[in-house]
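**Q** Quick one: the structure is below, and I'll ask about it shortly.
The values are calculated or read from the model by the stated rules, or taken from the named source; none is laboratory data. Since the structure is predicted, the reported quantities are computational estimates derived from the model, not experimental observations. With ideal geometry, Cβ positions are generated from the backbone for all residues, glycine too; neighbour counts draw on all protein chains shown.
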Amino acid sequence: MIGYLLGSIPSGVWIGKLFYGKDIRDYGSGNMGTTNTFRVLGKKAGIIVLLMDMLKGTLTALLPLFFGVQVNALLIGLSAIIGHAFPIFAHFKGGKAVATSVGVLLIYNPIFFCVVWAIFLTTLYVTSMVSVASMLGFTLITIISLFFNDTVLTLVALVLTIFVFYRHWGNIARIKNGTENMVHFGLGYKHRLKKEQAAQHEQKK
């Protein structure tokens with residue numbers, strides 16, 4: 001219950017309302033997560049929300065240690081992930097739980113946490129799409145987890161991969177149409193800019 005309540009803290013909504021006078025759910029993609037916070041409120045707010053969302057998972061994974069009980073930290077961490085996706089403090093309409101999931105991994109397996117970040121950042125740089133980085137990242141995480149000989153990790157990673165794809169269903173349609181939002185850096189963004197500039201040049205002719 002504590003983990004679920006921690007996960008339910010709508011970081012993006014609270015930061016937006018308290019410091020910017022905006023409800024980020026009314027802007028951009030309408031999502032309350034890190035990506036939309038970056039898009040609507042800027043880099044500073046986005047970084048704060050990213051760290052807060054990760055911290056929700058990290059603190060939840062530490063609960064067994066705080067209470068002195070022998071429980072798998074990854075399974076306890078799922079309560080924060082569920083809370084972030086279906087938060088009681090935001091009418092059960094939450095984010096996509098990527099950052100919170102990574103926060104749980106930091107405690108459960110620090111080495112795997114570093115692998116996850118390396119995969120995510122590399123994919124993000126190549127595609128310039130957070131959605132692609134999240135979906136491809138979780139897919140690769142599930143495959144790589146097989147080499148850790150950790151059944152719980154593999155099963156949880158598989159469940160989260162399916163969930164992440166489900167939550168990104170709308171993004172998949174936009175990716176196919178070539179209209180998915182991009183971060184303003186990376187190879188994918190540069191390629192799109194070149195295409196747009198070429199199209200504008202053709203129109204002027």
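**Q** If Gly137 satisfies all but one of (1) of a type outside the set (A, V, I, L, M, F, W, C); (2) farther than 25 Å from Trp14 by Cα; (3) at pLDDT 90 or above; (4) not assigned by TED's automatic domain parsing to the domain that holds Met52, what's the number of the condition it fails?
**A** The failed condition is (3).
**Q** Any chance you could count how many residues in region 111-138 are closer than 19 Å to Gly186 by Cβ and either in contact with a strand residue (DSSP E or B) (Cβ under 6 Å, 6 or more places away or on another chain) or β-branched (Val, Ile, Thr) (or both)?
**A** Looking only at that region, the number is 8.
**Q** Filter region 77-103 down to residues that are of a type in the set (Ser, Thr, Tyr) and touching a Gly at 6+ places or on another chain (Cβ under 6 Å) and give me whichever is nearest to Tyr166 (Cα to Cα). Reasoning before the result, please.
**A** Here is the first cut: in region 77-103, the residues of a type in the set (Ser, Thr, Tyr) are 79, 100-101.
Pick out the ones that are also touching a Gly at 6+ places or on another chain (Cβ under 6 Å) and you get 79, 100.
Working: Ser79: 18, Thr100: 17 Å.
Only one residue tops the list, namely Thr100.
**Q** So, one more: If Val159 satisfies every condition in (1) modelled with pLDDT of 90 or more; (2) within 22 Å of Pro10 (Cβ to Cβ) but one, which is the exception?
**A** Failing condition for Val159: (2).
**Q** Taking Ser134, is it in contact with a His (Cβ under 9 Å, 6 or more places away or on another chain), of a type in the set (Ser, Thr, Tyr) and without any contact (Cβ under 8 Å) to a residue 40 or more places away in the chain?
**A** yes
**Q** Take the residues in region 172-182 that are closer than 11 Å to Ser131 by Cα and hydrophobic (A, V, I, L, M, F, W, C), then tell me which one is surrounded by the fewest Cβ atoms within 10 Å (Cβ to Cβ).
**A** Among those that are closer than 11 Å to Ser131 by Cα and hydrophobic (A, V, I, L, M, F, W, C), it is Ile172.
**Q** So if I check each of Ile9, Ile47, Ile15, which one is surrounded by fewer than 18 Cβ atoms within 10 Å (Cβ to Cβ), out of contact with any strand residue (DSSP E or B) (no Cβ under 7 Å at 6 or more places or on another chain), closer than 24 Å to Ile107 by Cβ and not hydroxyl-bearing (Ser, Thr, Tyr)?
**A** Numbers: Ile9 fails: surrounded by fewer than 18 Cβ atoms within 10 Å (Cβ to Cβ); Ile15 fails: surrounded by fewer than 18 Cβ atoms within 10 Å (Cβ to Cβ).
Checking each option against the conditions leaves just Ile47.
**Q** Here is a further query. Could you identify the single residue in Phe185, Phe147 that is over 24 Å from Lys43 (Cβ atoms) and either in contact with a Cys (Cβ under 9 Å, 6 or more places away or on another chain) or not assigned by TED's automatic domain parsing to the domain that holds Ala85 (or both)?
**A** Every option except Phe147 fails the conditions.
**Q** Look at Phe92 and say whether it is assigned to a loop (DSSP other than H, G, I, E, B), at pLDDT 90 or above and farther than 23 Å from Val116 by Cα.
**A** yes
**Q** State all residues of region 139-171 that are surrounded by fewer than 16 Cβ atoms within 10 Å (Cβ to Cβ) and in contact (Cβ under 8 Å) with a residue 40 or more places away in the chain; if no residue qualifies, say none.
**A** Hit for region 139-171 is Val152, nothing else.
Yes/no matrix, rows are residues, columns are (1) part of a loop (DSSP other than H, G, I, E, B); (2) under 13 Å from Gly7 (Cα atoms); (3) without any contact (Cβ under 8 Å) to a residue 40 or more places away in the chain:
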| position | (1), (2), (3) |
| --- | --- |
| Arg39 | no, no, no |
| Asp53 | no, yes, no |
| Ile76 | no, yes, no |
| Ala80 | no, yes, no |
| Gly83 | no, yes, no |
| Gly103 | no, yes, no |
| Val116 | no, no, yes |
| Phe120 | no, no, yes |
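**Q** Mind telling me which of the residues Glu202, Glu196, Glu180 ends up being closer than 25 Å to Gly42 by Cβ, assigned to a helix (DSSP H, G or I) and acidic (Asp, Glu)?
**A** Exactly one of Glu202, Glu196, Glu180 is closer than 25 Å to Gly42 by Cβ, assigned to a helix (DSSP H, G or I) and acidic (Asp, Glu), namely Glu196.
**Q** Further question on the same structure: Counting only residues that are buried (at least 24 other Cβ atoms within 10 Å of the Cβ), out of contact with any His (no Cβ under 8 Å at 6 or more places or on another chain) and of a type in the set (Ser, Thr, Tyr), how many does region 90-116 have?
**A** Selection size over region 90-116: 1.
**Q** Among the residues of region 183-193, how many are in a loop (DSSP other than H, G, I, E, B), out of contact with any helix residue (DSSP H, G or I) (no Cβ under 6 Å at 6 or more places or on another chain) and surrounded by 11 or more Cβ atoms within 10 Å (Cβ to Cβ)?
**A** 2
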